[in-house]
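Here's the structure we're looking at; comments come further down.
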Amino acid sequence: MRLRSELFILFLIISVVPLSAVVYISYDYGKEAIRESVMYNLLGATDNTGNAIDNWMDARKDDIRVIAQSRVTLASQKEHFKEFLDTFEREHKGAYMEFYLLDLDGNITFSNLDRTGNESEEIYFIEASKGKTYVSDVYQSNITGAPEIIITSPVNKNGDIEAVLAARVSLENLYRIIEKIDIGKSGEVFIVNQNGDIIFHENRSRILLDNIKNNFAVKEVTYEKNGINEYVNYEGKNVLGSYYWMSLYRWGLIAEQNIDEAYAGILMLGRVLVGISILALMGVIFLAVVVSDNITRPVKSLEEGALGMVRGNFRPIPVASRNEIGRLAEIFNSTAVELLEIRKKLESKIELANKDLEKKNKELIDANKELRKLDELKSDFLSLVSHELKTPLSSMKISTEYLESDANIDPAGRKEIHQIILRNIDRQTRLINDILDLSKIEAGKTELKFEIIGIKELADASYENIKQLAKKKNISITLDIQDNLSPIMADREKLIIVLNNLFENAVKFTPDKGSIILSAREDANGITVIMKDTGIGMEKEKIEKIFDKFYQVDGSSRRKTGGCGLGLSISSEIIKAHESVIHVESEFGKGSTFSFKLKKNG
Amino acid sequence: MNWDATDNLIIELIKKNENISNFEISTILDIPEDEIVQRIGKISDTRSKILIVDDEIDTLLPLQRSLEVEDYIVVGASNGKEALIKAITDIPDLILLDLMMPEMDGYEVCAKLKTDELTKNIPVIMLTAKDTVREKVKGLDIGADDYVTKPFHLIELKARIKSVLRRSKNQ
């Protein structure tokens with residue numbers, strides 16, 4: 001799961017659990033409080049109403065008792081009494097429907113409505129005739145149809161009960177009292193007697209004396225209890241009902257209210273709490289998103305930065321805050337920059353190393369080529385030497401075998417063969433001497449016999465050796481050496497070999513009718529000997545190699561020019577032994593100049 | 001055998017009339033009788049002809065003498081170019097070819113001989129101081145029929161010449 005989702009869920013859990021608990025507890029408390037307050041109000045209203053009814057009834061009872069005790073009644077002056085009663089009735093605004101007097105036999109002796117009759121069987125008469133002020137049960141008036149009661153009180157004269165005063169009292173006033181109880185639209189307020197009969201109902205259309213004893217409140221109130229409770233009423237509805245027992249009249253006042261209506265406040269509270277919870281939840285979600293976003297964004301950019309670094313397209317991470325993550329981003333940035341620098345350095349180092357390696361590799365390849373070339377040259381040379389050595393041998397062998405054969409050979413032919421043999425012996429000898437000379441000089445075993453000699457003398461000796469060959473090729477040789485040059489200290493024979501070799505080379509590489517000049521110049525340091533020819537010359541890169549052993553400027557031309565590539569090597573070694581070097585200047589096609597400098601004597 | 005037009009005419013005349021005399025031929029072709037005798041001798045010469053190619057005259061000469069003694073006709077060439085010309089004009093039965101020669105070496109000469117229709121059937125024996133296996137194989141690859149290293153025994157060379165000639169005649 002992604003960090004953002006994890007944080008989001010965590011925040012949600014942290015905030016929603018306590019929120020739910022708080023909401024639930026407040027709802028619970030609120031519900032109880034509302035219920036209690038509703039009950040308290042209803043109970044209070046019922047009590048107050050009960051009291052009000054009590055007071056009103058007491059007042060009526062007192063009225064009757066007072067009238068019964070008054071002199072007006074005792075005087076039995078009917079006209080006067082009637083007038084008094086009418087006045088009393090008016091003063092009480094229709095509460096009293098009728099006043100009448102009964103004698104002790106129950107006959108109506110006086111009625112302000114002029115009614116007659118006998119009520120000796122009625123309990124209110126019996127009770128009153130015993131000396132009590134009595135309140136009858138509620139009944140429905142025959143005339144108005146309204147609920148009425150009859151209050152009786154004894155009329156005493158000189159301590160004896162002389163008559164009974166009865167008053168029909170309309171309960172119309174009770175409606176006004178009962179109205180003060182707030183029971184909502186669906187509620188009911190009614191009064192039951194001890195038998196559970198409804199004797200008064202706020203709804204005038206209700207038929208009275210309807211027994212509803214199965215009602216919980218009715219049962220309770222008929223047991224003379226006061227209180228409040230929730231129960232199912234006689235109509236099968238859930239109600240909140242309060243009941244109040246008025247012991248004096250043995251009435252139970254019951255106020256019932258539909259439970260949903262009574263507790264509408266609880267429903268409202270629930271709705272409000274749900275609304276608040278939803279708002280709070282939305283707020284929490286919003287906050288969780290914002291907070292988890294704020295936390296994960298820098299982490300995400302760290303992740304992207306790290307990925308970028310791995311992939312090689314690193315961009316610095318924006319540092320949004322000064323907290324730990326911000327510092328981590330800063331550290332990451334600086335580390336990444338350092339790493340990138342190190343990487344660059346490493347790459348350039350590797351590149352350098354690679355270049356170096358390539359260079360070395362190339363050098364090795366070149367060296368290898370050079371070695372192979374040298375090897376080829378060497379085997380070429382060996383094969384040449386082997387050829388050079390074997391050719392005269394082969395010639396001598398064939399010649400000898402021919403002479404040995406039984407063939408009849410004439411003297412001239414025999415002589416010819418002998419000459420071949422001798423010539424090849426010389427050739428072989430010379431070659432072997434050359435090789436031996438060179439190896440001796442190279443090994444440093446040749447001891448030079450230094451003596452004082454003149455250059456001219458050496459040049460003449462060498463010229464004698466070469467002139468026949470030069471003449472054959474029609475090459476002119478000029479000696480440009482003055483007689484008065486200082487003598488030099490050198491090995492005579494060795495220097496003649498050098499000059500011979502140089503002459504032989506010059507003749508070999510100079511075409512017919514060319515010219516060779518041997519000259520000598522003296523200066524303070526010594527005498528420079530120069531041999532210049534008009535030969536074929538050579539390329540610059542070959543000049544360095546001509547003193548190498550076995551080297552031939554042109555391999556394929558060796559047979560044409562003869563020799564096996566040892567002459568210049570021998571010469572070079574000899575001049576080196578005289579503490580000097582042979583210099584060569586040459587241009588391809590235009591001839592070559594060889595020169596060396598020798599020390600003067602002393 | 002390098003016969004010229006005159007030789008061909010002489011052969012034609014002899015084919016027409018086997019009993020024709022030298023004098024009659026001499027009269028018909030208007031050539032001295034001595035020359036006719038010489039030419040007929042040459043035409044009827046059945047000896048094998050060997051071309052020796054070697055730049056070393058000191059090797060070529062004693063070898064030529066030795067082979068002439070053995071009754072071969074010997075023609076010499078001192079370089080590759082001369083050898084190629086003589087291989088066509090003299091039509092030798094065998095060529096002894098030296099490998100180490102300036103300008104055109106033995107391998108090149110041999111390769112050229114073996115690619116030319118006129119000369120490819122002439123057997124070649126290579127003579128050389130080079131005696132490594134690699135070089136021998138190279139020579140034989142190019143088409144040489146045999147390979148003799150210098151210095152050699154004359155009798156051995158003669159034996160090889162006979163052997164190669166015998167083989168080439170049988171083919």
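The values are calculated or read from the model by the stated rules, or taken from the named source; none is laboratory data. What you see is a predicted model; the values in this text were computed from it and never measured. A quick note on method: Cβ atoms are made from the backbone with ideal geometry, for glycine too, and the neighbour counts reach across all protein chains shown.
Can you confirm whether the range A:423-443 contains a residue that is in a helix (DSSP H, G or I), within 12 Å of chain B (Cβ to nearest Cβ), surrounded by 11 or more Cβ atoms within 10 Å (Cβ to Cβ) and of a type in the set (A, V, I, L, M, F, W, C)?
Yes, the conditions are met somewhere in the range A:423-443.
Can you tell me which residue within the range A:60-80, out of those that are among the small types (G, A, S) and surrounded by 12 or more Cβ atoms within 10 Å (Cβ to Cβ), is modelled with the highest pLDDT?
Within the range A:60-80, the match that is modelled with the highest pLDDT is A:A68.
Any residue that is in contact with a His (Cβ under 6 Å, 6 or more places away or on another chain) and at pLDDT below 90 - is there at least one of those in the range B:100-110?
Yes, because at least one residue in the range B:100-110 is in contact with a His (Cβ under 6 Å, 6 or more places away or on another chain) and at pLDDT below 90.
Scan the range B:43-58 and tell me whether some residue there is away from chain A (no Cβ under 14 Å), farther than 23 Å from B:P123 by Cβ and outside any helix (DSSP H, G or I).
yes
When only residues in the range B:68-82 that are of a type outside the set (V, I, T) and within 13 Å of chain A (Cβ to nearest Cβ) count, which is surrounded by the fewest Cβ atoms within 10 Å (Cβ to Cβ)? Steps first, please.
Looking only at the range B:68-82, we keep the residues that are of a type outside the set (V, I, T), and these are B:68, B:70-72, B:76-82.
Narrowing further to those that are within 13 Å of chain A (Cβ to nearest Cβ): B:68, B:70-72, B:78-80.
On the way: B:E68: 15, B:E70: 16, B:D71: 8, B:Y72: 21, B:S78: 16, B:N79: 18, B:G80: 24.
Filtering the range B:68-82 for residues that are of a type outside the set (V, I, T) and within 13 Å of chain A (Cβ to nearest Cβ), the one surrounded by the fewest Cβ atoms within 10 Å (Cβ to Cβ) comes out as B:D71.
Scanning the range A:538-588 for residues that are at pLDDT below 85 and at positive phi, which turns out nearest to the other protein chains (Cβ to nearest Cβ)?
Result: A:G562.
Listed here are the residues, each with its yes/no results for (1) over 27 Å from B:K169 (Cβ atoms); (2) surrounded by fewer than 21 Cβ atoms within 10 Å (Cβ to Cβ).
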position	(1), (2)
B:E35	yes, yes
B:Q38	no, yes
B:K42	no, yes
B:D45	no, yes
B:I50	no, no
B:D54	no, no
B:S66	no, no
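Restricting attention to the range A:397-420, and to residues there that are of a type in the set (A, V, I, L, M) and at the interface with chain B (Cβ under 8 Å from one of its Cβ atoms), which single residue is surrounded by the most Cβ atoms within 10 Å (Cβ to Cβ)? Write out each step before concluding.
So in the range A:397-420, the residues of a type in the set (A, V, I, L, M) come out as A:398, A:403, A:407, A:409, A:412, A:417, A:420.
Now drop any that are not at the interface with chain B (Cβ under 8 Å from one of its Cβ atoms), which leaves A:398, A:407, A:409, A:417, A:420.
Values: A:I398: 28, A:A407: 13, A:I409: 16, A:I417: 21, A:I420: 23.
Filtering first and then ranking leaves A:I398.
Tell me the residue from A:N173, A:N258, A:N203, A:N238 that is without any contact (Cβ under 8 Å) to a residue 60 or more places away in the chain and either within 24 Å of A:Q140 (Cα to Cα) or buried (at least 17 other Cβ atoms within 10 Å of the Cβ) (or both), please.
Working: A:N173 fails: without any contact (Cβ under 8 Å) to a residue 60 or more places away in the chain; A:N258 fails: without any contact (Cβ under 8 Å) to a residue 60 or more places away in the chain; A:N238 fails: either within 24 Å of A:Q140 (Cα to Cα) or buried (at least 17 other Cβ atoms within 10 Å of the Cβ) (or both).
Of A:N173, A:N258, A:N203, A:N238, the one residue that is without any contact (Cβ under 8 Å) to a residue 60 or more places away in the chain and either within 24 Å of A:Q140 (Cα to Cα) or buried (at least 17 other Cβ atoms within 10 Å of the Cβ) (or both) is A:N203.
Quick one: in the range A:269-294, of everything that is of a type in the set (G, A, S) and more than 30 Å from A:V38 (Cβ to Cβ), which residue is nearest to the chain's Cα centre (by Cα)?
Per the stated criteria, the residue is A:S292.
State whether the residues of the range A:369-392 include one that is among the small types (G, A, S) and more than 7 Å from chain B (Cβ to nearest Cβ). Walk me through it before giving the result.
From the range A:369-392, those among the small types (G, A, S) are A:379, A:383, A:386; that's our starting set.
From the residues that got through so far, the ones that are more than 7 Å from chain B (Cβ to nearest Cβ) too are A:379.
For the range A:369-392, residues among the small types (G, A, S) and more than 7 Å from chain B (Cβ to nearest Cβ): present.
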